[in-house]
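Structure, as structure tokens:
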Amino acid sequence: MTDKKKITLIYAGVAVISVLILGMSFLLAGLKKEKRREAPAATGVGKEQVDEMAVLEADIELERQDGSKVMLSDLNDKVWLAVQFYAACPMCAERNAKHLLEIYKEFKGNEDFMVACFSVDPEDDTEEKLADVRDRLSADAENWWFLKADREKLWNFMTEKMFFTTILERFEPAEIASKGRWAHDLGIQVYRGNTLVHKWDEGLPIDQLRDEIKEALRELKEPKS
């Protein structure tokens with residue numbers, strides 16, 4: 001084989017490899033784009049199917065907005081609301097100010113009532129940020145907790161034990177600007193001790209949530225047989 005043919009073959013090989021690399025790059029970019037589309041809008045996120053009166057038997061240690069450590073089981077003698085949130089989420093801010101704060105104001109005088117907000121972005125939600133959210137809502141630190149823990153551990157606990165929907169990351173800049181980085185469950189769960197008695201989702205009548213809380217508070221005081 002002449003030197004000219006060798007050089008020609010080398011250039012041809014380089015050209016083929018370059019085409020293959022470019023093709024793979026476009027394929028990966030397409031797959032990445034499709035993956036980015038997986039994150040739901042988080043408006044009226046559907047709840048996962050749960051059995052009525054599901055019991056939360058697991059426990060987890062959490063850090064409160066004041067830095068103190070608490071256990072989820074510390075709420076076993078309360079009627080409490082469980083919600084997911086993070087400080088930078090505009091949709092959380094709207095839900096909290098519109099619905100959660102309304103319910104909190106109605107029941108905050110009852111010593112058996114609590115609200116617990118679980119951060120889906122604990123690395124970014126510093127103690128200062130959580131305290132700022134609490135202050136903007138004029139929430140009492142004793143009966144409205146803003147909680148966080150190791151992200152992976154807390155995410156798994158919320159989805160596997162508490163029946164919240166799966167948390168997904170958004171990638172489109174415009175969507176992040178309007179809805180936040182994390183797509184998560186915007187529902188409000190009602191617990192009586194460690195028993196999940198109701199889950200209210202955005203769009204349902206708020207009176208339904210209010211009635212479930214009243215019923216749970218009444219049942220909490222009933223003598224145990």
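The values are calculated or read from the model by the stated rules, or taken from the named source; none is laboratory data. None of the values given here were measured: they were computed from a predicted structure. Glycine also receives a Cβ, built like all others from the backbone with ideal geometry; neighbour counts cover every protein chain displayed.
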| task | Go through the range 102-120 and give me each residue that's in contact (Cβ under 8 Å) with a residue 12 or more places away in the chain, in a helix (DSSP H, G or I) and surrounded by fewer than 18 Cβ atoms within 10 Å (Cβ to Cβ). | result | Glu102, Glu106
| All positions within the range 172-204 that are in contact with a helix residue (DSSP H, G or I) (Cβ under 8 Å, 6 or more places away or on another chain) and aliphatic (A, V, I, L, M) | Leu186, Ile188, Val190, Val197
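Here is a check on your reading of the model: is Gly187 in contact with a strand residue (DSSP E or B) (Cβ under 6 Å, 6 or more places away or on another chain) and in the same structural domain as Asp112 (by TED's automatic domain parsing)? I'd like the intermediate steps shown before the answer.
On the way: in contact with a strand residue (DSSP E or B) (Cβ under 6 Å, 6 or more places away or on another chain): yes; in the same structural domain as Asp112 (by TED's automatic domain parsing): yes.
In short, yes.
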| task | Please list, ordered by first then second residue, the pairs with beta carbon atoms under 8 Å, 6 or more apart or interchain, first in the range 141-155 and assigned by TED's automatic domain parsing to the domain that holds Ala131, second of a type in the set (Ser, Thr, Tyr) and surrounded by 20 or more Cβ atoms within 10 Å (Cβ to Cβ). | result | Trp144/Tyr104; Phe146/Ser119; Leu147/Ser119; Lys148/Ser119; Leu154/Ser119
| field | Single condition Gln65 does not satisfy, out of (1) at pLDDT below 95; (2) surrounded by fewer than 21 Cβ atoms within 10 Å (Cβ to Cβ); (3) not charged (D, E, K, R) | value | (2)
